[in-house]
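Working notes, structure below.
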Amino acid sequence: MRIALVTDAWTPQVNGVVRTLTAVKRELEAQGHRMLVVSPDRFASLPCPSYPEIRLALARRGTIGRLIRAFDADAIHIATEGPLGLAARRWCLAQGLRFTTAYHTQFPDYVAARTGVNAEWIWRYIRWFHAPADAILTSTPSVDAVLRSHGLTRLSRWGRGVDLDTFSAAGPTDPAIDALAGPILLYVGRVAVEKNVEAFLDADVPGTKVVVGDGPARAMLAARYPDAHFLGPKFGDALAAAYRSADVLVFPSLTDTFGLVMIEALACGTPVAALPAPGPVDVLDPQIGAIDADLVTAIRGALTRDRAACAAYAGRFTWANSARQFLDSLSPISTPSARAA
């Protein structure tokens, strides 16, 4: 199959959306499918206000359409609700072509956290954007419930995976983290207001707090919490070593739809403590993590979980399964006669 993927989130951005899309693309291409990625690197762009790592591409719908036509796509997937996704949506509707979309992030909550704008105003746009899609791909039942509550019902499951070759319980630990006083409480992810990192840093529990990642709030939080260790971003083997050195991964976000870092940590044998939010409530099992509205209680519970059970549990999340679900959710763009028009 020839699949056109339109996304405002792509490398060199570092986030769960990009990691999901690149992993699934790799799996599908290994199976012989061909993919066209229409991403911001193809166009002139501007930095997103308050999130400069994300580039807002300046592209007309006709330009995107010509790329897709030249590729002779069998299916079109619009991954994001940004400028490229909007232009591709407009082109598909003008041409009478079918497409799928995905709900990767709690975008209304992100915008509300960053700007103070009423999230319901953003939901109006989300409903309008996704309503014409043949299917909206979602990662968990909790996300389904959120979308259904806002009138979006054509939903299709698209789970996530973990690179079990990189993230496993067998392997080296991080010497710098090992030298800190335990227990080691680890946060991994973007250091930004919508990730609720302060809830983790405010938690009154014994041990050492370690933050791996970068973002606009890093300097402010590092100054406000001098006892915490801000190590910057880590990737691949270095990130896996950090997970192995931790006694618990703390996932304080209330806005993530899944949370890839949770299954990466579990694959390395590290239990997870989280707040009751979409993502954790669907991903975590009581045997390998703890969820509680009181993050301190969740951390204390997670510290008692068995590391071998965590690693075994994570083995059920594979990118091969994720790619299969993605492929099964796609729709042919149109009838053969319409494609030739």
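The values are calculated or read from the model by the stated rules, or taken from the named source; none is laboratory data. Note that this is a predicted model, so its numbers are computed, not measured. FYI the Cβ positions are ideal-geometry reconstructions off the backbone, even for glycines, and counts take in every protein chain you see.
The figures follow:
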read-out	value
Some residue of segment 197-205 being surrounded by fewer than 19 Cβ atoms within 10 Å (Cβ to Cβ), in the same structural domain as Ile333 (by TED's automatic domain parsing) and of a type in the set (Val, Ile, Thr)	no
Segment 259-285 - residue that is more than 18 Å from Val197 (Cβ to Cβ) and among the hydrophobic types (A, V, I, L, M, F, W, C) and, of those, surrounded by the most Cβ atoms within 10 Å (Cβ to Cβ)	Leu266
Selection status of Met35, touching a Lys or Arg at 6+ places or on another chain (Cβ under 6 Å) and within 19 Å of Ile333 (Cβ to Cβ)	yes
Counted residues, segment 120-160 - those being in contact with a Ser or Thr (Cβ under 6 Å, 6 or more places away or on another chain) and of a type in the set (Lys, Arg)	1
Checklist (1) within 27 Å of Gln325 (Cβ to Cβ); (2) assigned to a strand (DSSP E or B); (3) more than 20 Å from the chain's Cα centre (by Cα) applied to Gly32, failing item	(2)
Positions within segment 276-321 being under 17 Å from the mean Cα position of the chain (by Cα), more than 19 Å from Leu164 (Cα to Cα) and not β-branched (Val, Ile, Thr), in sequence order	Ala277, Pro278, Gly279, Pro280, Asp282
Hits in segment 215-256 - residues which are within 21 Å of Ala298 (Cα to Cα), surrounded by 22 or more Cβ atoms within 10 Å (Cβ to Cβ) and of a type in the set (A, V, I, L, M, F, W, C)	Ala242, Ala246, Val248, Leu249, Val250, Phe251
Tabulated pairs, segment 1-24, first in the same structural domain as Phe43 (by TED's automatic domain parsing) and of a type in the set (S, T, N, Q), second surrounded by fewer than 17 Cβ atoms within 10 Å (Cβ to Cβ) and at pLDDT below 95, C-beta under 7 angstrom, 6+ apart or interchain	Gln13/Glu53; Thr22/Thr11
Residues of segment 286-298 satisfying the condition of being surrounded by 24 or more Cβ atoms within 10 Å (Cβ to Cβ) and in a helix (DSSP H, G or I)	Ala298
